[in-house]
Each structure stands twice: as C-alpha cells, then as structure tokens.
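The values are calculated or read from the model by the stated rules, or taken from the named source; none is laboratory data. Worth saying up front: this structure is predicted, and the values here are computed from it rather than measured. Cβ: placed from backbone, ideal geometry, glycine included. Neighbour counts: every protein chain shown.
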Amino acid sequence: MRIADKLTLLFMKRMLAGPRGRSHFLSQVADAENNDEGAVFAALLERAKEDEALHKLVARHAADEERHAELLGARALATGLPRAQVPEHLKLLRRLDEALGGFFGQPLRSNEDVMKAYLLLQVIEERAVTQFPLFKEAFVGLDDETVKVFAEIEVDEERHLKYCQAVAKRYAPSEEVHEKTLQHFREVEAKVFAENSVRNMSYALEQGFLDEAPALVRFGWRLIQLYAAVVKPARPTPYMGVPVQRPILATA
C-alpha cells in the first residue's frame, strides 16, 4: 500500500469514528455514484438510440450506478442522522468536469465523442476500483453492513471498467488518439483528485469530524493538510501509464 493510501486510511478511520463523519462520507460517495455521471449516461443514451448493443450496455451501467447510490444512501441513513448535504466544492466529478473544459451533459456528435465519454468514465472507474478497498477496510469492525455494500459495489465497478475499456476502444478513431486522450484524462484526474482530497481533509477538520481524536493528532493532520495544499502532489491511480493491450477496432 502506498504512503498516501496509508494516510488516507488512517484519516478515514478517525473521521468515521463518529456518526457525523460517517454520514458525510457515505452521503458524498452516494452523490458521486450517480449525480454527475448521470449527465454522461444521458448523452450516451441519446447517441446510442440506433445502436441497440451500446444502448443496452449504457442503460445497465447507469442503472447500476443509481442502485449503488441508493445502497450507500441507505447506509448513510443507518447512522441515525439525516443525509448530509455535500458542499459543491467537495464534488470531485464537478471539479474534474471543470478541469476538462466542461464535458458532462454535452451532446455526443461523433464516435470520438463517445470514446471520450467512455474514457472519462474509465478514469472514474479506475479511481473507484482503487479506492473501494480502502473504504471497505476503513469500515471493518465499525459497520460490517457497509463493508458488505462496498464489497458488492466493488464487483460491479470492476465490471464497469471492462465496459469502459471495450466501448472506448471500439469507438476510437485510432489507437494513438485513444491512448493520448486516456493518458491526458488520467493526468488531469490525478491532480483533481489530490486537490479534492485536501479540500475534504480541511472540511472534515473544520466540521469537527475528528474532534474525538486527541488534540495533538488533529494538529498533525492539519499540518499534513497544509503541506499537501502547498505542494499540491498528484495522486495517480496504479493504472497511470498502462499501455493499450490490444488493437482498437475503429468504427465507421
């Protein structure tokens, strides 16, 4: 496990110790599962009206994400608190969309647009597959039902990643365009994720989600948060730099 992941897990365990922290975290993950991705799915479904196979796959993918949001929302309510409202500045996918110049909800006019949409979903799924094992571990011994929910969703996300890889390659105009776009999206996502992680840490400390921790521990986390805010390190997933594994079939 990388140092950044170890620190993330330690911080999460502290934040999740209280119901307010758990409610916020689960509400945030639930929100990310379908709200912003929904705009991408809507554009893909519109584009796929005359492509039955693609339409069916997109519809199933979208339905899975909606179900995930419902499962996580239910776990948030299981804390005994109302669903937490996620502040706009903490919404990772909104920040990713902004960094890419605004893509969510735009009409997909070409096969290359379909490729871009699914490459965007691919980097989102790569992040999910990377983070979900940490989420499960953070809840072990704290909320076993939530561990089961994350385990169930993780299986779906691994399948979704295969969807993304297959569709993006099918609609790519060339292997070169596919690989260049994918690496660009990964690089942007790595920076946005790191920046959003710093904002999340700051918000958790400001909201008192770690108030039960010793003062010295809270001070240590504040120093780490300030350091990360200044240095602004990227947080790439293990998928960064992975080459295309097989030829791409261009679609007319």
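Checking the conditions here, which among Glu70, Glu98, Glu65 is at pLDDT 95 or above and among the acidic types (Asp, Glu)? Don't jump to the end; show me each part of the working.
Working: Glu98 fails: at pLDDT 95 or above; Glu65 fails: at pLDDT 95 or above.
None of the other options fit; the residue is Glu70.
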Residue list for the stretch 124-183, restricted to those being in contact with a helix residue (DSSP H, G or I) (Cβ under 7 Å, 6 or more places away or on another chain), surrounded by fewer than 18 Cβ atoms within 10 Å (Cβ to Cβ) and small (Gly, Ala, Ser): Ala151
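Let's see how each residue does on (1) modelled with pLDDT of 95 or more; (2) of a type in the set (D, E, K, R); (3) within 24 Å of Ala53 (Cα to Cα):
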| position | (1), (2), (3) |
| --- | --- |
| Lys91 | no, yes, no |
| Gln106 | no, no, yes |
| Ala117 | no, no, yes |
| Ala128 | no, no, no |
| Val140 | yes, no, no |
| Glu152 | yes, yes, no |
Does any residue of the stretch 110-120 turn out to be under 22 Å from Arg235 (Cα atoms) and not hydrophobic (A, V, I, L, M, F, W, C)? yes
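Looking only at the stretch 90-134, how many residues end up being acidic (Asp, Glu) and over 27 Å from Met1 (Cβ atoms)? Talk me through it step by step, then tell me what you get.
Here is the first cut: in the stretch 90-134, the ones acidic (Asp, Glu) are 97-98, 112-113, 125-126.
In the following step, the residues that additionally are over 27 Å from Met1 (Cβ atoms) were identified as 97-98, 112-113.
Qualifying residue count for the region: 4.
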For the stretch 210-221, the count of residues that are in a helix (DSSP H, G or I) and exposed (fewer than 15 other Cβ atoms within 10 Å of the Cβ) equals 5
Can we say Val40 is closer than 26 Å to Arg235 by Cα, modelled with pLDDT of 90 or more and among the hydrophobic types (A, V, I, L, M, F, W, C)? no
The listed residue being assigned to a loop (DSSP other than H, G, I, E, B) and of a type in the set (Lys, Arg), out of Arg186, Arg159, Arg109, Arg94: Arg109
Could you go through the stretch 51-67 and let me know if any residue there is closer than 20 Å to Asn200 by Cα and under 21 Å from the mean Cα position of the chain (by Cα). no
